[in-house]
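S.K.: Here's a structure for you.
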Amino acid sequence: MAITLSQDHAMPGAPLSARLTMPQVWGIVLLAPYALVFLAFVVYPVGYGLWLARHPESYVALYHDPIFARAAVNTLIFLLIGINFKMLIALFLSGFFVQERRWIKWLSVLFILPWAVPSIPTILSVRFMFNPEWGMINQLIFRFTGDDGPNWLNDPAVALTMAIGVHIWKSLPFWTLILMTGRLAISQDLFEAADVDGATWWQKFRFITWPSMQMLYITCTLLSMIWTLGDFNSVYLLTGGGPADLTHVLATLGIRYLRLDQLSLAMASIVCALPFVLPLVYFMMKRLSR
């Protein structure tokens, strides 16, 4: 008695190729390159880094290194002050750039340039501007006052503040654009009704704009914090971690250890950033899942 098997009901003992439909085969073929790239460039580097940072002695050495403690404090300052200040400015600038005026549209083109231009030339140009000997800023100070300008990057507090300022200047246009999309999604009927009721601009922001954008604003703030933890350009290209390694953040501290041929300490310093990253990822995913 012959048994006829359909394509959808293959025998359990049949080969895998016989049990898969053609769409399933094409799905595996198209997914395989992505899986290989993910394994090669994500899973393997992360796993190898964790394996290099497995020694407890590395964390003991970090604990006794005063530069690591200073880098952790600088990272907190960067996140708590720099990011929140940047997002607050982006929130109000988004309200300015959504206005339907021709000169504001042209101004928005200039505003987006720092974000559109690569980081290396923009940040290095700022560093050259503040050079104490031939920088443009000190040249202007000498021309108008006759006094020599200060060594801007020789003070750790000033250097870290300038690094935060460069980070805000570089990434502010991107987050302003994101928040602009949130403002444009709000129905104009709400604002027209508020105008009829005689609401002020602050009342319209408090009762219409902010409730509509609150979710987007918090999500952007958390995402910006996560990205900033891995951003070493603003500090490394501007100050190089100096003076005296006092402006390092966790993202640049690993590079310092690599330059000193201390690979285990470099990986351990990066692993120490996980207590900053994981809570941010958790809260962001929790809010997005609502």
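The values are calculated or read from the model by the stated rules, or taken from the named source; none is laboratory data. Because the structure is predicted, anything quoted here is derived from the model rather than measured. Positions of Cβ are generated from backbone atoms using ideal geometry, with glycine treated the same way; all protein chains shown enter the neighbour counts. For accessibility, only protein heavy atoms count, side chains too; no ligands or nucleic acids. Shrake-Rupley method; radii C 1.70, N 1.55, O 1.52, S 1.80 Å.
S.K.: Going by the structure shown, is residue 191 farther than 19 Å from residue 123 by Cβ and among the aromatic types (Phe, Trp, Tyr)?
M.R.: yes
S.K.: Further, regarding this structure: Just one of 216, 222, 260, 246 is over 21 Å from the mean Cα position of the chain (by Cα) and surrounded by 14 or more Cβ atoms within 10 Å (Cβ to Cβ); which is it?
M.R.: Numbers: 216 fails: over 21 Å from the mean Cα position of the chain (by Cα); 222 fails: over 21 Å from the mean Cα position of the chain (by Cα); 260 fails: surrounded by 14 or more Cβ atoms within 10 Å (Cβ to Cβ).
Criteria check complete, one pass: 246.
S.K.: Let me ask something else about it. Does the stretch 270-277 include one or more residues that are open to solvent by 60 Å² or more (accessible area, probe 1.4 Å), β-branched (Val, Ile, Thr) and part of a helix (DSSP H, G or I)?
M.R.: Taking every residue of the stretch 270-277 in turn, at least one turns out to be open to solvent by 60 Å² or more (accessible area, probe 1.4 Å), β-branched (Val, Ile, Thr) and part of a helix (DSSP H, G or I).
S.K.: Right, something else. Looking at 104, 186 in this structure, which one is open to solvent by less than 30 Å² (accessible area, probe 1.4 Å), aliphatic (A, V, I, L, M), under 27 Å from residue 224 (Cα atoms) and part of a helix (DSSP H, G or I)?
M.R.: It is 104.
S.K.: Exactly one condition in (1) aliphatic (A, V, I, L, M); (2) assigned to a loop (DSSP other than H, G, I, E, B); (3) at pLDDT 85 or above is not met by residue 10; state its number.
M.R.: Status for residue 10: all satisfied but (3).
S.K.: Oh, and also: Quick one: which of 229, 253 is closer than 25 Å to residue 51 by Cβ, touching a Gly at 6+ places or on another chain (Cβ under 8 Å) and open to solvent by less than 60 Å² (accessible area, probe 1.4 Å)?
M.R.: 253
S.K.: Give me a count of the residues in the stretch 107-141 that are open to solvent by less than 60 Å² (accessible area, probe 1.4 Å), without any contact (Cβ under 8 Å) to a residue 12 or more places away in the chain and not in a helix (DSSP H, G or I).
M.R.: Of the residues in the stretch 107-141, 2 are open to solvent by less than 60 Å² (accessible area, probe 1.4 Å), without any contact (Cβ under 8 Å) to a residue 12 or more places away in the chain and not in a helix (DSSP H, G or I).
S.K.: When you go through 90, 53, 72 one by one, which is the residue that is over 23 Å from the mean Cα position of the chain (by Cα) and open to solvent by less than 50 Å² (accessible area, probe 1.4 Å)? Break it down into steps so the answer makes sense when it comes.
M.R.: Values: 90 fails: over 23 Å from the mean Cα position of the chain (by Cα); 72 fails: over 23 Å from the mean Cα position of the chain (by Cα).
Every option except 53 fails the conditions.
S.K.: Would it be correct to say that residue 205 is touching a residue at least 12 places away in the same chain (Cβ under 8 Å), over 30 Å from residue 56 (Cβ atoms) and part of a helix (DSSP H, G or I)?
M.R.: Values: touching a residue at least 12 places away in the same chain (Cβ under 8 Å): yes; over 30 Å from residue 56 (Cβ atoms): yes; part of a helix (DSSP H, G or I): yes.
Yes, satisfied.
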